[in-house]
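S.K.: Starting off with a structure, shown below.
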Amino acid sequence: EDNLLIYYAGHGIFDREEDEGYWLAIDAADDTSVEGIGNAWITKQVKATKARHVLLLIDSCFAGSITKTRSAYSLVPRKNLDAKLINRLSLKKSRIAITSGGNEPVVDSDGGDHSWFAKKLLEILNENNNVIYSLNIYDELQKYVINNADQTPAMAIIKGTGHNDGEFFFYSKS
C-alpha cells in the first residue's frame, strides 16, 4: 500500500545508438552511457517494486525518453477531487513519470537556486491546501515551464511496469 516518489534532478543524456536515456551521477567522469543509470534499468526497478503507487519526477535533459509513450497533454485535470474518486484511484496501482522536458535538453537553472521545473514544483506543493494528484501538478508545471523555458514537460505512464489506472495523490499538511 506504499507510495514511492522519486525525484531526480541532475544530468541526463540520450544515446541514439542504444535508443536509451541515462541518468548521470554527479561524479560521472564522462557524458556516456557507461557512466549512467539507464532508463531500462530504472523501468525494471519500478516494475519490481511492491509499492502501490510510484511517481518519478525527473528534472534532467532527455528525461522524457523514459516514457516512450504518448504524453498526458490532452488530459484535463480535475480541480475538485471527491472522496469516492480518491478512494477508487488509490486502490489501483500507478506507475507515472512527470519530466521537465521531453527527449530534449532542459535548462538547469532559472537564474536562482532551482530549475524552472523545480521552482514551480516547490511552489505547487507548498501552496497546496487540498488533495491534488499528479495530473494537477503536471498541468501547472507544463504551463509554467513552457512560458519560461525552451522545453516541454511530459507526463506519461511508465510502459511495461504494471500501471492499472491508479493515481498518485498529494495531501496538504493542514
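S.K.: Specify which of the listed residues (84, 120, 68) is open to solvent by 50 Å² or more (accessible area, probe 1.4 Å) and at pLDDT 90 or above.
M.R.: Sole residue among the options that is open to solvent by 50 Å² or more (accessible area, probe 1.4 Å) and at pLDDT 90 or above: 84.
S.K.: What are the residue pairs meeting all of these: first residue in the stretch 104-122, first residue under 15 Å from residue 143 (Cβ atoms), second residue part of a loop (DSSP other than H, G, I, E, B) and open to solvent by 30 Å² or more (accessible area, probe 1.4 Å), Cβ atoms under 7 Å, and 6 or more apart or on different chains?
M.R.: Sorted first by the residue in the stretch 104-122, then by its partner, the pairs are 116/107; 116/110; 119/110.
S.K.: As an exercise: evaluate residue 51 against (1) hydrophobic (A, V, I, L, M, F, W, C); (2) open to solvent by 80 Å² or more (accessible area, probe 1.4 Å); (3) assigned to a loop (DSSP other than H, G, I, E, B) and give the number of the one condition it does not meet.
M.R.: Condition not satisfied by residue 51: (2).
S.K.: Also, I was wondering about something else. For the stretch 36-48, name all the residues that are free of Cβ contacts under 8 Å to residues at least 40 places away in the same chain and surrounded by fewer than 16 Cβ atoms within 10 Å (Cβ to Cβ).
M.R.: First, the residues of the stretch 36-48 that are free of Cβ contacts under 8 Å to residues at least 40 places away in the same chain: 36-42, 44-45, 48.
40, 41, 44, 45, 48 - these are the residues of the stretch 36-48 that are free of Cβ contacts under 8 Å to residues at least 40 places away in the same chain and surrounded by fewer than 16 Cβ atoms within 10 Å (Cβ to Cβ).
S.K.: Can you name every residue in the stretch 129-174 that is in a helix (DSSP H, G or I) and within 20 Å of residue 1 (Cβ to Cβ)? I'd like the intermediate steps shown before the answer.
M.R.: Keep residues of the stretch 129-174 that are in a helix (DSSP H, G or I), which gives 134-148.
Within the stretch 129-174, just 134 meets the criteria.
The values are calculated or read from the model by the stated rules, or taken from the named source; none is laboratory data. The shown structure was predicted, so the numbers you read here are calculated from the model rather than taken from an experiment. For neighbour counting, all protein chains shown are included, and Cβ atoms are generated from backbone atoms with ideal geometry for every residue, glycine included. These accessible areas exclude ligands, DNA and RNA; they are computed on the full protein's heavy atoms, side chains included. Shrake-Rupley method; radii C 1.70, N 1.55, O 1.52, S 1.80 Å.
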